[in-house]
Structure formats: structure tokens, C-alpha cells
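The values are calculated or read from the model by the stated rules, or taken from the named source; none is laboratory data. Note that the structure is a prediction, hence the values are computed from the model and not measured. With ideal geometry, Cβ positions are generated from the backbone for all residues, glycine too; neighbour counts draw on all protein chains shown. Please note that ligands, DNA and RNA were not included when accessible areas were found on the heavy atoms of the full protein model with its side chains. Shrake-Rupley method; radii C 1.70, N 1.55, O 1.52, S 1.80 Å.
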Amino acid sequence: MTTLLTTKRSFRYATYVFVFLALSFSASGHSDPAWNGHTVPGSTTPATFTPFYVPPGAKAYDSSSPLIHYSGHWSTVYSSGYHRKSLHSTSQVNAAISFRFTGTGIEWFGNCDRHHGIAVVLIDGLHRHFADAYCARDKPRKQQRIFWDFDLPYGDHTIKIINTGERPGSTKATLCDIDAFVVTRGTDPNIQSLFSSSSHGDFGSSFLEAQTLASTASAGWSLVQKGSTGVHAMQLAIISSSHAIIVDKVEHNPLTISGHPAWAALYNLRTHAVKPLAMQSNSFCAGGTFLGNGTLINVGGNPVVDDHTASADFGDVDGLQAIRIFEPCDKESPDDCEFYEHHSQIRMASPRWYNTVLRISDGSAMIIGGSKKGGWINNATVNNPTIEYFPPKGFHGSNGLPIHLPFLVDTLSSNLFPIAFALPDGQVFMAANRDAMIYDWKNNLERRLPQIPNRIRVTYPMAGTGLLLPLSPDNNYQPEILICGGSDIPDDKASYDISSQDPASSQCSRMVLTEDGIDAGWQVEFMPQPRTMPDAVLLPTGEVFIVNGAATGISGYGNVRDQVGSSNADNPVLTPVLYSPRAAVGERFSSANLPTSQIPRLYHSVATLTPAGDIMVAGSNPNLDRSEIKYGTEYRVEWFSPPYMSMDRPEITEEVPKLQFEGEVQVKVRLPKENSGRFKGMKLWSILRTLERVIE
Ligand SMILES: *[C@@H]1O[C@H](CO)[C@@H](O)[C@H](O)[C@H]1NC(C)=O
Ligand SMILES: *[C@@H]1O[C@H](CO)[C@@H](O)[C@H](O)[C@H]1NC(C)=O
């Protein structure tokens, strides 16, 4: 067999092997555990989870479709267990299938058992993959996902499947079959802007024009679409120099583990391979942070999904009080890195959906607010106006129980996912709805700050984004907060009075958290476009990269008037904007040279800086479950490369030892040759600052 695997594909191949091996456990005589099966309403007998799923808006093509071309000898097998009751099967070497489709993704479903083997899959005659339909079962397991690719540019594609008739260890010619293809149709980016311009007034035109202008000039910056997250990327964090962790909610993702869809994964930043992570509890709208010892915790979420979407089939457990622990994982091959959950012993003291989790100065996590159950906008009935800590603390008489926080009552209703930062003096800044405060957690004291101007609400579902600007010796590390976007829609408005076409806010509010700064209050500036649900990424240059989000509507799905598909928001903002905090007022925002994306990133989208210095952008899923109706579930990843990616830059020359929390560390840095004279005897910070000026 010729081997033309790229690293990514070879990992994917490994993934399939893994999936089928995992399936084999349940084939060894034990009945499937509930975890791996579903319970039909009224029945308590778990059945095997079936990966075959056609998301709304996607299209299934049965194996007997005239659009599928067969060459060689294929026979048709009929059974009620197959899609449209038929399956095409061959054992002939080099028998092939060819199918042309239009869209951004393709899935191939068929049987697996001991008699199935490896097929070569060609997409557009170019990319070569190997798909293995073997699983250790005597009788076929039906409607299994044999192959998927969600990483295609929108357009016409051809998938060709060629039976190799073999797999390692097999003496007889192996089987290859097809039950159905499922095509992810995607949206034609060329007509997207027509769809996304507002049908409710002339609001849409100005920022669309701005986007068109920006896309024509992209010197210095570049944008590449590459990779697929396999689980929808609702939450994202960099965990090492090679990997990011992705946490989703329970839904019909293509990446599978133990015979059911995964809802967490590790993404290899170098090879773009994804590895599914096992997770017990539903992490829908959880929060997370790293503890001082490098352990990541992901806490809260949603109950078991028991909706008509059949998501209950996944066998997840209630995530509302869950604490999911992920120990430091710095291996290039993170096979042993797993979540640890032990719900009867390690859990929060109260249920939380949409809670913020923040590492504070003693290295522990402060868990802030949330609703006691999932829903939409917060209200007094479901509000959880408390904080708790992990590991739990016994102070203020709490004995580890939640500590009441009046701020979280006063900020109802749009106060979920409060914006929070640990400040250099150990206190905590918090913003929710239109308000802000500094919380002295050691003494349980709130100090209220001036209200955010112009009635702008900045937390869910009127979601803005917040940042602690770079702390610098130049101003004695005085903390300064920047909050951008959100909405001025009143949060007592009924959902049916809110429209996906209501304009978002373009306001950024900035305040220095010193006595003078607080006296001066919030300083207001405006982004070139309004944005709800933006993501803000702090770059090594000290600039802020603002990306994703929508120009109209609010967060969530299925709530307001004029939904697009299920999305409560419309008019995706496709061009990022760069904010230079130290530039003169009026000259801080620029979209010049920034590339424009073709992928809307609305509710549940993410962005992060990577260890290499570029920006990873993923996600968007304003839907209850995986959907391909505009705005669908987005698995494609994009990478924005700032100009400094192609420049000579300081390089850490020796491996950095493990950092102790609050410890000191020496880092050896090689400086760019042409500028090295300028850096002699300088502290790292000033080197970076000087370099920044050089780069500018
Ligand atoms: C870090 O601390 C947490 C909380 O005490 C603990 O559960 C975890 O095992 C620790 N991890 C490491 C690597 O020490
Ligand atoms: C409060 O929110 C919950 C969850 O969204 C909802 O079920 C309930 O009806 C709301 N109650 C009121 C009084 O609005």
C-alpha cells in the first residue's frame, strides 16, 4: 500500500483506529452501558448510540442515489437498519465510488466489523486519506461514521473511495461499503453579504462596505483557514506549546469517543490533528481557569439534555455542579492527558450555568455567579448571586459554602458571565450588566465603581468583551480595564420585543483603576463597527485584536424576533479591528491591512493567541444541536498572522524551567541581530517595548 499521509491525515487515521477499538469493548459480551447508549422515552433499556445524523440543513445521499457512481463489482444489501434500507458493498480490490457534491464538508457512513478493511479516500483527487472500517465484531455495526472532512473551502468537490481489500493481519479480501453520504452544504461566501445585510432598515450597509474595503488590502497580515475542531469550539484554552483544549456542549459532533460524539478535544497547533477527550458531564456554558499549580478546571454547565433532539442519547450526566479537572499536559503526544471527574466527591457547592471562573492571587479559583439552571437571560428566581472557591475556603463563616455577593443581585438581569480580572494588589475587578466594582475577597468587601456610560450592557446576553490592558513598569503597573461592545437593549424587554436586527454597541469603555483613574471615570471610544459577542486578544505588541461577533442582535439562540436560523444575532462582523492602547485618542482603532474572513463567528465562537504568536479563531454555533442551517455549526479553524510572524524576533534559547506560582525565573533570550546593540543591559520588558517600536 502506498503511503502518502500527511501528519494530519495520519493522526486522523489513528483516530479512526482508536474509535473502532473503543467500539470493540462493548462488543465483548457485556451489554452497552447507558453511557454508550440511549433510552427511548418510557423505556429503561439502553440502546447502542448510532453516529448517523443528518443535521438540519445538511443533506443525506443514500447509497442508491444516481449521483453516486460505482465502478467494479458492488452488490446491494437490504435491511431496515440501513439509511433508506439499502447499502452497497464490495470485496473487490480497487472497486471504487465517486460522488460530486457542493459544500464545505462530507461524511461517509457504513458498517464496521471484522470483515471490513481500509479504503483510500481522495478529495478532489488530491488529498489522500486512509479510512479503516474495521471493528472487532462478528456482526456488522450499522450506520457508523467511517470518514469525515469538514475542512473544505465552499464549492464543488469530489470524493472518491477506493477499496484496498486489505488491512494488517487480514488474509481474506476485506469489505468496503457505503450506506450514505452526508454533505455539509455551508454558505456561499460570495452571496453571504447579500443575505446578511439588514432587511430591517439601512443599518447593514456601512459596516459591510468597511469590510469590503479592508479585504482588498492585507499587506503584512494574513489569514488562513486550516483544520477542523471535530467538536464545536465553545470554550478554548492553550494548554502547552503544542496543544489547545476545546470544550463544547453535548451535541452531535463528528469526532467520536467510546461510540458516541465527543464534546471535548485536544487540538494540535502544529499538525492540526484533533484527539477526542472523554467527559462525563454536560459542559454547556461552563467556565474555566488554570489554578496556580497549572491544573485547568472547567466547572458548571447544564443538566442532561433531554430534548427532542435525542441528545439524551449521549448518556451525559448533569454538569450544573461539575468540576472537571485537567492536569498539566505538556507532551507532544498527549495520549495520557484526560479529564478527571468524580462527581460524588468533587463538585461545587451550588449549581451554576454561565459562571465566570478566575484564578486569584493565592492561586485558587474564584467561581462567580451564574444561574441555578440553564435558560436565557438571568432573573431573580434562577440567579445564583454568590461566589465560591476551588479548592474551597473556610473563611467569612462560609465553611466552603457559597458567599453572597450583593453586586450580583443589583446587576440583574443581563449579568451572566461577569467580566472579572485579578488586580496587582490581589483584589478582583468585576463588571456585569452596566456596573462595575472592585471586590476585596479577603475581607468580603465590595467597592462600587462608576457605571458604564451610555446605558451599555456588557454581559450575557448583551455580551461585550473585557481585557486588563498590559501591566507596565512605565506606569508602575497600574491596572487599566478595557471593555468593548455589548448592547443598549433594555434587559427587561420581553424576548419578542427584541430583534436580531437591533444594533449592537460600538462603544469601548476604559478606566484606570487608581484613585485618580476612578475619579476620572470611564473614558469612552468607539470601534469602527458595532459588535456584540466580540473576542479580544492581547497581542505581544501590546495591541488588542478584536475579532468575531455580530453588528446586530444579542447572544443566544431561539429567543428573539427575526431569528436567522436560530440565531438571535445577525450581520456578522467579518473584519477584525486592532486597538492600540497607547496611541492618541482618535487614532487607536484600525482595520487597515487586516484580512476579512468569510466565516461568520457569532454565538459560541472563540479566539486566542497561540504560543507561536498567531491568532487561532474557531467556533460559532447559535443552535441547540449541530445544524447546517444559516447560521450553522462551524468546525473550521482560521489563523490570523500578524506582521511580526515573518520578522526576526527575540527567541527564547533555553527551555524555560517549570514556573512556580509567584516564583522568579530567568529566561535566556536571543535578540534579533540587526537590533541587538539596542538591547544590551536592558530588562526584558523594555527590550520588548523597544522591539515593538522597532517593529512599528
Ligand atoms: C493542583 O491543585 C488542585 C487543587 O488543590 C489539585 O486538585 C491538583 O491535583 C493539583 N495539581 C497538581 C499538578 O499539583
Ligand atoms: C427565570 O428564568 C428561568 C430560566 O430561563 C425561566 O424558566 C423562568 O420562567 C424565569 N422566571 C421569570 C419570573 O421570568
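Give me the compactness ratio for the stretch 390-505, meaning the Cα radius of gyration over 2.2 N^0.38 Å.
Ratio of Rg to 2.2 N^0.38 Å for the stretch 390-505: 1.20.
What's the FRET efficiency of THR653 with ASN94 using the Cβ-Cβ distance as r and R₀ = 56 Å, to the nearest 0.05?
0.60
Under 26 Å Cα to Cα from LYS85, which lysines show up? Leave out anything in the same chain fewer than 8 places away.
Within the straight-line limit of under 26 Å, LYS85 reaches these lysines: LYS59, LYS139, LYS142, LYS160.
Could you order GLU107, GLU587 by accessible surface area, starting with the largest, using a probe radius of 1.4 Å?
GLU587, GLU107
Label ARG84 and VAL524 with points 7 Å out from Cα along Cα→Cβ: what is the distance between them in nm?
Between ARG84 and VAL524, the label points sit 5.9 nm apart.
Normalised by the number of residues in the stretch 58-184, what is the relative contact order in percent for Cα pairs under 8 Å and 6+ residues apart?
Normalised by residue count, the contact order of the stretch 58-184 is 38 percent.
Determine, from the Cβ-Cβ distance of SER646 and ASN475 and an R0 of 45 Å, the FRET efficiency 1/(1 + (r/R0)^6), rounded to the nearest 0.05.
Computed FRET efficiency for SER646 and ASN475: 0.90.
Leaving out ligands, DNA and RNA but keeping every protein chain, what accessible area does TYR477 have, in Å² rounded to the nearest 10, with a 1.4 Å probe?
In the full protein context, TYR477 sits at about 110 Å².
Percent antiparallel among DSSP beta bridges with both residues in the stretch 106-178, to the nearest 5?
Approximately 90 percent, going by the DSSP bridge assignments.
Of VAL299, VAL585, which has the most accessible area with a 1.4 Å probe, and how do the rest follow in descending order?
Largest accessible area first, the residues go VAL585, VAL299.
With a sphere of radius 11 Å drawn around the Cβ of TYR78, what net charge do the other residues whose Cβ falls strictly inside it have (Lys, Arg +1; Asp, Glu -1)?
Net charge around TYR78: +2.
Just from the alpha-carbon atoms, what are the Rg and Dmax of the stretch 58-184 in angstroms?
Rg then Dmax for the stretch 58-184, in Å: 13.5, 41.
Of ASP492, ASP614, ASP124, which has the most accessible area with a 1.4 Å probe, and how do the rest follow in descending order?
Result, largest first: ASP492, ASP124, ASP614.
Which whole number of Å³ per residue matches the convex hull of the alpha-carbon atoms in the stretch 203-646?
Per residue, the Cα convex hull of the stretch 203-646 comes to 140 Å³.
May I ask you to derive the FRET efficiency for LEU67 and ALA380 from their Cβ-Cβ distance with R0 = 56 Å, giving the value to the nearest 0.05?
0.50
Kirkwood hydrodynamic radius (Cα pairs, Å) of the stretch 529-578?
Over the stretch 529-578, the inverse of the mean reciprocal pair distance is 11.6 Å.
Looking only at the stretch 376-399, which residues have a backbone nitrogen under 19 Å from a spot 7 Å from the Cα of ARG448 in the C-beta direction?
In the stretch 376-399, the label zone of ARG448 (backbone N under 19 Å from the point 7 Å along Cα→Cβ) covers 380, 385-387.
Can you pull a Stokes-Einstein diffusion coefficient for the stretch 439-538 at 10 °C (1.306 mPa s), Rh from Kirkwood over Cα pairs, as a whole number of µm²/s?
106
Name the GluC sites (Glu not before Pro) in the stretch 331-360 that are in a loop by DSSP and that have at most 15 other C-beta atoms within 10 Å, would you?
Answer by residue number: GLU332.
If ligands, DNA and RNA are left out, what is the accessible area of LEU358 with a 1.4 Å probe, given in Å² to the nearest 10?
20
Can you give the accessible area of LYS160, probe radius 1.4 Å, in Å² rounded to 10?
The value for LYS160 is about 80 Å².
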